[in-house]
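Notes to accompany the following structure.
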Amino acid sequence: MINELNAARDEALVAIAASNDMEALESLERDVLGKAGPFVAAKKRIGELAPEDRKDAGQAINATRTEVEDAIEARRGTLGASARAAQYANERLDLTEVSTAASVGHAHVVTQTWEELEDIFVGMGFHVAEGPHVETDWHNFDALNIPKGHPARDGFDTLYVNHGEPGSTLLRTHTSPVQIRTMLDQEPPIYIIAPGRVFRRDTADATHMPVFHQIEGLVVDKDISLADLAGTINAFVGTYFGEEVESRLRPNYFPFTEPSAEFDIRRADGSWLEMGGCGMVHPNVLRAGGIDPEEWSGFAFGFGIDRLALMKHGVSDLRELFANDTRFLSQF
Ligand code: PHE
């Protein structure tokens, strides 16, 4: 009987070691230690033994059974620990992992502003016009009532292009030459905007860049007055910034408009930011564009797109827009 018990114990120990999960271990436990198992069966047979052998047999049953029970407990501990470890591994979040999903780009904040402006003015009945970056001195200055030697030329910090007669070709300093090109190209009534890139020999600082963006507006029709200009600017500011944002026109001077005004908008801190200029188209400009100032009148405006984007998003330095830091640009 003792040999049988040892054999049953050895068999059980091998099976316990081989059990890979709790379920297998528990079913093994029921089989080995339960009523149908070898230890219970041996206990029942004790009565059949000679009385002097019963004590040894009883001790052997208890000893082998205890060995098996201890082995089951130990295996239970091991399987439990590895089950928890597997669960932890499964639930672990790797917060240091960098996303491998491709990042999707989007239009630059200046492009977004440009397109938004187009939408607003197209909604008001304007068409979008274009002109070249490399302009003639005539379109950029003379036709806009700024003849050679006119002091207003000095204010423009012009970048000239080495082409043709010295001084005859330049990078446009404003979008106003598109006024001339449009008038030469089409009959009034004219309602256009002309967004685009312009260039000045300027040192970059918080409010200036040597390359920046303007949007020009030109209206030529019968009986156009200053009230139409003011109403248009007001409607635009209200649509773009919201009705609570104030704008103002300040008398100013531009050679190509008469009267002329500066157009400012109020910042959150109460200070005014200069956005651009506007005024009634000067008769000389209408004439340069082949339009009879006795028959037609008009207004024009031009302002900086970049400054508008700056204002709208509360950015304090224009240079941020062009540093191409995606951490900055991805905010918009
Ligand atoms: N072209 C002017 C500038 O660049 C702005 C302007 C446009 C003023 C149209 C009046 C009319 O400063």
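The values are calculated or read from the model by the stated rules, or taken from the named source; none is laboratory data. A quick note: this is a predicted structure, and the numbers were derived from the prediction, not measured. Because the Cβ atoms are built from the backbone with ideal geometry, glycine has one as well, and the counts that use them run over all protein chains shown. Keep in mind that these areas ignore ligands, DNA and RNA; they rest on the heavy atoms of the full protein, side chains included. Shrake-Rupley method; radii C 1.70, N 1.55, O 1.52, S 1.80 Å.
A few comments on the model shown:
- Nearest-20 debye value, the range 2-91 charge dipole, Cβ charges on Lys, Arg, Asp, Glu: 240 debye
- Relative to the current alpha-carbon distance between A268 and N252, full extension at 0.36 nm per residue lengthens the span by 3.3 nm.
- Carbon and sulfur %, accessible surface of the range 2-91 computed with the full protein complex present, 1.4 Å: 52 percent
- Compared with the dominant Cα axis of the chain, that is its longest principal axis, helix 51-91 is turned about 0°.
- Most positive-pole-ward Cα, S27, N3, A50, against dipole of the range 2-91 from beta carbon charges: A50
- If you take all other residues with their beta carbon under 11 Å from the beta carbon of W114, and give Lys and Arg +1 and Asp and Glu -1, the sum is -4.
- J(HN,Hα) series, the range 114-130, from Karplus relation 6.51 cos²θ - 1.76 cosθ + 1.60, nearest Hz, glycine and proline x: 3, 5, 5, 5, 4, 4, 4, 6, 4, x, 8, x, 8, 9, 9, 10, 9
- Cα centroid separation, the range 159-201 to the range 238-313: 17 Å.
- Couplings 3J(HN,Hα) of the range 101-106, computed from phi: 5, 5, 7, 9, x, 8 Hz, in residue order, whole Hz [Karplus 6.51 cos²θ - 1.76 cosθ + 1.60, θ = phi - 60°; x for Gly and Pro].
- The simple Förster model, with R0 at 35 Å and r as the Cβ-Cβ distance, assigns H106 and A152 a FRET efficiency of 0.35.
- By the helix-only formula, in which each DSSP H run with n ≥ 4 contributes -39500 (n - 2.57) and the sum is divided by residues, the chain has a 222 nm mean residue ellipticity of -13500 deg cm²/dmol.
- Projecting the Cα atoms of G238, A74, L159 onto the charge dipole of the chain, computed from C-beta unit charges around the Cα centre, puts A74 farthest toward the positive end.
- Think of the chain as having a plus end and a minus end, set by charges on the Cβ of Lys, Arg, Asp and Glu; of H133, F199, I16, I16 sits farthest toward the positive end of this dipole.
- Convex hull volume per residue for the range 161-320, taking Cα atoms only, in Å³: 124 Å³
- Axis of helix 2-18 versus longest Cα principal axis of the chain: the two differ by about 0°, to the nearest ten degrees.
- Ignoring the sites themselves, the chain has its longest run without trypsin sites (Lys or Arg not before Pro) in a DSSP loop having at most 11 other Cβ atoms within 10 Å at 223-332.
- For the chain, the Cβ-based charge dipole about the Cα centre amounts to some 920 debye (Lys, Arg positive; Asp, Glu negative; other atoms uncharged).
- Computed over the chain, the P(r) curve from all C-alpha pair distances, binned at 10 Å from the origin, holds 5, 19, 20, 11, 4, 3, 4, 5, 7, 8, 7, 5, 2, 0, 0 percent per bin.
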